[in-house]
1. What do you reckon, is LEU168 in contact with a Gly (Cβ under 8 Å, 6 or more places away or on another chain) and either of a type outside the set (Gly, Ala, Ser) or not in a helix (DSSP H, G or I) (or both)?
2. Counting only residues that are over 16 Å from ALA190 (Cβ atoms) and not in a loop (DSSP other than H, G, I, E, B), how many does region 131-145 have?
3. Name every residue in region 145-184 that is over 22 Å from the mean Cα position of the chain (by Cα) and on the phi > 0 side of the Ramachandran plot, in order of residue number.
4. Are any of the residues in region 147-167 surrounded by fewer than 16 Cβ atoms within 10 Å (Cβ to Cβ), β-branched (Val, Ile, Thr), more than 28 Å from LEU55 (Cα to Cα) and modelled with pLDDT under 95?
5. Residues being touching a Leu at 6+ places or on another chain (Cβ under 6 Å) and not in a helix (DSSP H, G or I): count how many of those fall in region 195-242.
6. Looking at region 87-124 only, could you name the residues that are under 18 Å from SER32 (Cβ atoms) and of a type outside the set (A, V, I, L, M, F, W, C)?
7. Determine, yes or no, whether MET159 is of a type in the set (A, V, I, L, M), part of a helix (DSSP H, G or I) and more than 22 Å from LEU37 (Cβ to Cβ).
Amino acid sequence: MSPYRGSAQLTKDWRHFRLELDEDHIATLTFSRPDRLNALTFEVYADLRDLLDELPQREDVRVLVMTGTGRGFCSGGDVHDIIGRLLEMGPKDLLDFTRMTGGVVERMRGCPIPIVAAVNGVAAGAGAVIALAADFRLLAASATFSFLFTKVGLAGADMGSAYLLPRLVGFGRATELLMLGDRLDAKRAAEFGLATAVVEDGELPVRAKELARRLAAGPTLAYATTKLLLSRELDLNLAGGSHTGLRMRCGLDEARARKAVSSSADSISLAVGPAASSAGGASSVGVSAPSFVGSVSSVIARSTSDRGRI
């Protein structure tokens, strides 16, 4: 996370959902409209977008847990507050809305911290896609998924669902879920590959907290890099993926090596004085160039040198 702050301050009060931060650096976002199964409004979408923009700049958050209150995780766009108003919008407003909703999913996948969706009940429409965009999905036994876009006359590809879902469950099952829009219970969701785990309803908060603590205590840079590469390499072939991973690793290893050399040089300077350490150069720190020679190369080299003796 970036330690650098400009004039803009981090938001302290999120009005359209609850956000709580604990001593383990775990932020818990709770959708808090239980009377509407935590349906989304324009304002909830906007707050989600802005929070996901801020998280990479925060030093006090290592994991984000998303869950809901009551019987629902999130039932998608509110029929009255969003769907009805969309029918009255012109092309520009529709485009702005589409960019905002898609931006939420893009920011979830681009966010460097792990995101855990603790799906406590109904996840429908946009709510199901938000769960898809998380890195981990813990499902209560009573949880359900419904990708019901086609049932209200929308394309099943809404909010990137046609990108994310086939990569989780395969093309055939994604076609079934997105075109038919039928409800999927927790057991079948696990069979499809949508669930990290299915737990009893009462155990969900505890299990989500256990996973979040494990992630918060882990190597944050390694998690962030892994998430980045998982997203980028989905659309690369094997060679492209391995090269991308190699470049990332080389950058990390070079940074570690420079830090190690610097620390070693400082230690030598303190022990024998700056003149002696500088006179020794790099060899005094024990740094040597690596040799990338395997068994085959060694055998070929030996057979070539022996050929002149026969």
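1. Yes; evaluated as a whole, the condition is true for this residue.
2. The qualifying residues number 1.
3. Within region 145-184, GLY153, GLY181 meet the criteria.
4. Looking for residues that are surrounded by fewer than 16 Cβ atoms within 10 Å (Cβ to Cβ), β-branched (Val, Ile, Thr), more than 28 Å from LEU55 (Cα to Cα) and modelled with pLDDT under 95, one finds at least one in region 147-167, hence yes.
5. Summing the residues that are touching a Leu at 6+ places or on another chain (Cβ under 6 Å) and not in a helix (DSSP H, G or I) in region 195-242 gives 4.
6. Listed by number, the residues that qualify are ASN120, GLY121.
7. Spelling it out, it is not the case that MET159 is of a type in the set (A, V, I, L, M), part of a helix (DSSP H, G or I) and more than 22 Å from LEU37 (Cβ to Cβ).
For (1) in contact (Cβ under 8 Å) with a residue 12 or more places away in the chain; (2) touching a Gly at 6+ places or on another chain (Cβ under 7 Å); (3) under 22 Å from ALA222 (Cα atoms), each residue gets a yes or a no:
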{"site": "ASP47", "(1), (2), (3)": "yes, no, no"}
{"site": "PRO56", "(1), (2), (3)": "yes, no, yes"}
{"site": "VAL61", "(1), (2), (3)": "yes, no, yes"}
{"site": "GLY90", "(1), (2), (3)": "no, no, no"}
{"site": "GLY103", "(1), (2), (3)": "yes, no, no"}
{"site": "PRO114", "(1), (2), (3)": "yes, no, yes"}
{"site": "GLY125", "(1), (2), (3)": "yes, yes, no"}
{"site": "ILE130", "(1), (2), (3)": "yes, no, no"}
{"site": "THR144", "(1), (2), (3)": "yes, no, no"}
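The values are calculated or read from the model by the stated rules, or taken from the named source; none is laboratory data. Note that the structure is a prediction, hence the values are computed from the model and not measured. So basically every Cβ, Gly included, is an ideal-geometry build from the backbone, and we count neighbours across all protein chains shown.
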